[in-house]
Structures are given as C-alpha cells and as structure tokens.
1. Scanning for something modelled with pLDDT of 95 or more, away from ligand 1 (no atom under 16 Å from the Cβ), more than 20 Å from the chain's Cα centre (by Cα) and surrounded by 15 or more Cβ atoms within 10 Å (Cβ to Cβ), does the stretch 230-250 turn up at least one residue?
2. Based on what the data block shows, is residue 335 within 23 Å of residue 103 (Cβ to Cβ) and within 16 Å of ligand 1 (Cβ to nearest atom)?
3. Being in a strand (DSSP E or B) and buried (at least 22 other Cβ atoms within 10 Å of the Cβ) is true for just one of 327, 292. Which residue is that?
4. Mind checking which pairs have a first residue in the stretch 292-307 that is within 14 Å of residue 99 (Cα to Cα) and at pLDDT 95 or above and a second that is within 11 Å of ligand 1 (Cβ to nearest atom) and in a helix (DSSP H, G or I), Cβ under 8 Å, 6 or more apart or different chains?
5. Hey, residue 197 hits all of (1) touching a helix residue (DSSP H, G or I) at 6+ places or on another chain (Cβ under 8 Å); (2) within 15 Å of ligand 2 (Cβ to nearest atom) but one; which does it fall short on?
6. Looking at 197, 173, 220, can you tell me which residue is more than 16 Å from ligand 1 (Cβ to nearest atom) and free of Cβ contacts under 8 Å to residues at least 12 places away in the same chain?
7. Taking the conditions exactly as written (under 25 Å from the mean Cα position of the chain (by Cα), away from ligand 1 (no atom under 16 Å from the Cβ) and more than 24 Å from residue 77 (Cβ to Cβ)), does residue 188 satisfy them or not?
8. Count, please, the residues in the stretch 394-439 that happen to be surrounded by fewer than 20 Cβ atoms within 10 Å (Cβ to Cβ) and either closer than 24 Å to residue 41 by Cα or modelled with pLDDT under 95 (or both).
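The values are calculated or read from the model by the stated rules, or taken from the named source; none is laboratory data. Quantities reported herein were computed from a predicted structural model and do not represent experimental measurements. Note that we place each Cβ from the backbone using ideal geometry, even for glycine, and neighbour counts take in every protein chain shown.
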Ligand code: GUN
Ligand code: ZN
C-alpha cells in the first residue's frame, strides 16, 4: 500500500562522508541494532531501532534480520560489461589478445535481440544476487542491446547507467558503427531512456584504440549536448595498450589528453582502470571532477597490473574512485570478493586498506564517482531505499571464523576475504524486496 512505511531491522553500517579524507570516526556510522523505515521507495528514517520505532505508528510491519545480519546501502558497480556475462572466465591472455579471442566474438552474438534480452536477465539477476543495486554498464555496439538492458532494469526498478558502445575501428566490421551513426543512435537512445524513471544514459566510446579521432569528437559533442548524462571509457589498463595509444595519437601529451582533447573529461566521466596514469593525468582528473573505476579482479585476471589506490586519492588532488567488477574480465559478480581483491592490490603497493574503507568505495564512494551520492550510497533519510542485507555467517567456515573476530572491522574483513554471493541474504530496490536468498 503506498504511503505505509515498512521497516528493516538489524545491525547496520553506513557512511556520511569520505573516510579516506576525514577518517572513519567522523564518517562511518555503525548501529548494532538499527531500524530503517522506508516509505514510497525512499528512506524515511534510519538509526538506532528504539529511536526509529518510537516515531512510527503501532503495528508497522518490521522485517527483522537478526543480530547475525548487516544492513548496508546497496553496492555500486562503477564499471561492468553486461554482454560479457556469457564469457566470464575465458582464458584469453592479456587485454588485447583477450579482446580479439573472446570478447569481440561474444559481442557479435548481440546482433540477436533475444540473446541480448536473455543475457540482460541473467546479468541483472546476478547483480541482485550479489547486493548490487546500481551499475555503470557497457552494452554492445547494437542499440537494441541498450533497450534489452534498460527494459529489464526498468522492470526491476533499478537505478542503472548504461550506453551503447561506440567503436569505428580495430574491431570486426559487424561490431563497428561510424562517427555519424554512433552519434545518431546514441542520441536516439538518450531521447528514449535518459531520465526515464531511474535510468540514465552513459555516452560510451569503448576506448581510444577502437575509436577514430572523428568518433571521439562526435562523442564529445554528444556529451556536451547532454551534460547530465554520464560518460564512460577505458584508460591506461595495460602497458601494451598504453604504448599503442602513443602510436595511434602521437600528437597527444598522454592517454588522458586523447579524451580531454575531444571534450571527454569532466564531471560524470568514469574512466575504467587507470593503472598506468601519470601524475599530470591524475591532476587533470581531479581538476575535471572525473572518476576512476578500480577493477581489481579484472586487473589480476588480465595481468594488467595493480592499481595504486592511495596515489589516486592523494589528498593534494584526490580523484573520485569507485569499485568495478569489470565483468567479463573481472572474475566475480561479488562486490565482497572485489573488495577483497582491492585489499590485495593495495598490498602490492605496500598500502593497507581496511574493510570499512573498501566498503565505502563499494557504496558511497561509487555513488560519488557517478555523482549520485545525493540519491544512493548511504542509509540516510531522503535517499532511495536500495539496501543489501548481509548474512555474516553464510558458510560454516565464516560462522566459525566470526566467533574469533574482535570487532566490526575484523568481521567485515572476513566477509570480503571469504564471502561471496552466499553472504547476501536479501536485496531491496527502492524499498521493494527484489531478491531473497533461498537456503
Ligand atoms: N578495453 C577496451 N575494451 C575493453 C573491455 O571490454 N574490457 C576491458 N577490461 N578493457 C577493455
Ligand atoms: Zn571494461
């Protein structure tokens, strides 16, 4: 019934700010027994259960998940390819070989609308099974691949950003558009989908290796005409790729300058990977308000390298950073597993990363990377009620290990090291139960 609040109860964790900048003490809230009241898809009130329950009418329905649960804002996946779901876990070697051997042949299959629809269904179910409620998604070059994804996302009520991939060179002919057709098709998709319910369009030149300067120029013009859309692309993922960009664009200062020259740096731009960026490029991302999506399972799987998180977040010129699965180069839909891998990437640079900081990246940090932190990413009144419910004892080993854990940080660290889809017991999308784990 509209207007009647529902309440979720259990331990809860959320962020009110950026713990990398201001420390956990000032930015993290942890309520050992919380209640989250939801009305009309939004969080009405969140806080200690006695306080919240006292404000609600007698007899309000309460879903109590108990002391072994943990309520968090739904996870945000800032970089993922839905058409690569059918090819996750393909032994294609490093990036450029992997693209030719597995990725392009798979994306060719999306000429078939039914195949695209089936894949979109599987993809979004996997997102929900892993507590992911917002994603920034690459589709294929086929405009109907965007329709397939958005139709299903709309049915589920998800807040999703997505776009048709633009590519007009260095790919099979059947996967290429042109600067003009790519512009026209994207513009038509923006008119159809952007701002419809919770859906947002992302202008999506795949990467500078598969777009001519003319196409990058057209992408920049399109984004300028629709600046409230997102823009997403890949950058500095692999050393061979970076060297190749120097050959393709010898007149540009560096990789980011290729995009910048064509008007593709600014607020709401999300750059995937960024492992090999130079200092001047990080400075420019900061100045432009653009974000990096850190995709650690993909980076290990493709042998791309380890992203230097603390360098990107340097307080003198912090870059917005979110976490991405980068399916199908990424090896897991689980954001917990992806957080675990981000800890291992940090260690490669002699850095530590607490579980709480990793959780921030996977929720509010990702929302901030996409300029959505005023709508999602925290358990705060007024925000959209996208919520993941963790089961902190989802396997016998984890249940056993929990008994030894001393504090919240340790308990969360166990989840991100040992946990996976089994640790998600429910996912709420705009206040509606969209997934419940079966035992
Ligand atoms: N660079 C260009 N295209 C892709 C892609 O599909 N996946 C990854 N990981 N990197 C890319
Ligand atoms: Zn990618």
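1. no
2. Values: within 23 Å of residue 103 (Cβ to Cβ): yes; within 16 Å of ligand 1 (Cβ to nearest atom): no.
Taking the combined requirement at face value, the residue does not satisfy it.
3. On the way: 327 fails: in a strand (DSSP E or B).
Unique residue meeting the criteria: 292.
4. The qualifying pairs are 302/95; 302/98; 304/95; 304/298.
5. Every listed condition holds for residue 197 apart from (2).
6. On the way: 197 fails: free of Cβ contacts under 8 Å to residues at least 12 places away in the same chain; 220 fails: free of Cβ contacts under 8 Å to residues at least 12 places away in the same chain.
173 is the lone residue from the list that is more than 16 Å from ligand 1 (Cβ to nearest atom) and free of Cβ contacts under 8 Å to residues at least 12 places away in the same chain.
7. Values: under 25 Å from the mean Cα position of the chain (by Cα): yes; away from ligand 1 (no atom under 16 Å from the Cβ): yes; more than 24 Å from residue 77 (Cβ to Cβ): yes.
Yes, satisfied.
8. Looking only at that region, the number is 7.
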